[in-house]
Structures are given as C-alpha cells and as structure tokens.
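Since the structure comes first, as structure tokens, the remarks are kept for the end.
The values are calculated or read from the model by the stated rules, or taken from the named source; none is laboratory data. Owing to the predicted nature of the structure, the values given are computational and were not obtained by experimental measurement. Note: ideal-geometry Cβ built from the backbone for every residue, glycine included; neighbour counts use all protein chains shown.
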Amino acid sequence: MLETRYSFLFYLLAPSIVIWIFASFTQKLVMFQDLTVYQYFANRILSLIIIFVTTQLAILRIVGEREPYGTLDRDLLAISRSAMYLGKLITNALFVLLQSIFLYIVAFVIFSPGKVYGNPIILILLIFIIGLFGVTLGLTISVFAKNREQAIQFVPFVVLLLLTLSDFFFIEKYGIAEGIKTISLYSPLSLSYKMIQSVTADTYGFTDMLVGSFRDNYFLKLVLGIILLSVSSLLKFNFEKKG
C-alpha cells in the first residue's frame, strides 16, 4: 500500500519537479530577442515530459492485469471489456487533471510571476489534453503489448520516435528541412508545444484555436489523435482472443 502511495506521488509530481529543475538553471539565461532559455523552451520541455510520464503511467493498466500476474479474466466476469477500458481511461484522466494543475502552477506562476500567459483555465485545459494523449497512447501500447516487459520497452522507443518526428530541436528562425517541417505538422509533440505556445505567446483564446484550416489547427489534430488511439485500442481489446 505504501509502495502504491509513493508511486502515485512520483507520477503526480515528476513533471513539475523536472520543470522546476529546468527553470532553476535556465530562467536567467537570455537566448535572443529578450527571451530567456526557459521562456523559449518551457513549452517544449513541458510537452515532452507530460507525454512521457502519462504514457508511462498508463502503460501497464491492461497488460499488467493479464495472466499469469493479473486478474483480467476474473474481472471480466463482472464488467465488460469496454467498461473496464473506459474506467481506466477516466481514472487516469482525473489523475492527469490534478497533474496539470500542479504543472501550471510551477511552470507559469512560480517561475513567471507577474507575466501574463493567457487564460489560466485554457492553459490547464491544454496541458490536460496533452496528458490525455499520453494516457491514450499508454493504454494503446498496453492493449497491443503481449507482456509487461514488451510494454515497458515500447515507451522510450515511442517517445523517442515522437521526438525525432517533431521539430522539437529546431528553431524556426533558422529554418528547418521541408520534409521534417511537413511531418512535424502532424507530430503529437509538435502539436502539443505549439498549442500551448499559441496561448502563452500569441494570447489565443479557446475560440481562436478552433478557427482556421485543419492544417494549422493544433488543438483539433491532437484531439483527433486521442480519439483514434482510443477507438483502435478499444476495438483491439474487445476483439482479442481469450487465453
């Protein structure tokens, strides 16, 4: 029970602690155009950390309950597979909401007092959406993985793949390769930090993020990714063979 409590606290506070450490070392380092290293990269680091932690959080939720370790078959006598999946999704989503509030306080209140970053509610919502993507990604891996070891091995591979396919390391001022730029338009990591940046730097409101073409709509693309992951993993979980 004590181990579970420590695990809960770790996943809850880990993203905020990483942001705290990053901000402590970079907050006063000026990069260009009067932007500090922290101000420029905070959105990117935040997005990367929240996706990694929330994916790790959900990675064993399904595969960890399969035999010989878990009680999946016994639990399915009382509830349906869909109900079990949705229950785990909702439970983890509530956890991510609490996590998002902590992250907002650390990233945008403690280390940037007095600076206006847009509507706090919208920012918390966007951090939550990023975390929810991580949860659905973790559940998807958990459904498709054959065992715990395979699921755990998938996490760094998937996160590094998202990192490679994004424009995370590139500064738009100096330009990026056209091929990478095209791919990054649909990379969840690029969508995540640009979505937050649209509020913190461009002061977009929620309705502003819904206006315009789908090509430039980071919010809708990420929500669509959440839906696609949820549907595919739910279908796989419902139709997989027993035993």
Query raised in the report: Which condition does residue 213 not pass, out of (1) exposed (fewer than 13 other Cβ atoms within 10 Å of the Cβ); (2) more than 16 Å from residue 49 (Cα to Cα); (3) at pLDDT 85 or above, if it passes all the others?
Result: (3)
Query raised in the report: Are there any pairs with C-beta distances below 6 angstrom linking a residue in the range 150-164 that is under 14 Å from residue 64 (Cβ atoms) and in contact (Cβ under 8 Å) with a residue 24 or more places away in the chain to a residue that is part of a helix (DSSP H, G or I) and small (Gly, Ala, Ser), with the two at least 6 apart or on different chains, and if so which?
Result: 151/142
Query raised in the report: Of all residues in the range 117-152, how many are out of contact with any helix residue (DSSP H, G or I) (no Cβ under 6 Å at 6 or more places or on another chain), more than 25 Å from residue 195 (Cβ to Cβ) and of a type in the set (Val, Ile, Thr)?
Result: 1
Query raised in the report: In this structure, is residue 143 aliphatic (A, V, I, L, M), in a helix (DSSP H, G or I) and at pLDDT below 85?
Result: no
Query raised in the report: If only one of 114, 118, 131, 138 is at pLDDT below 85, under 27 Å from residue 224 (Cα atoms) and among the small types (Gly, Ala, Ser), which one is it?
Result: 118
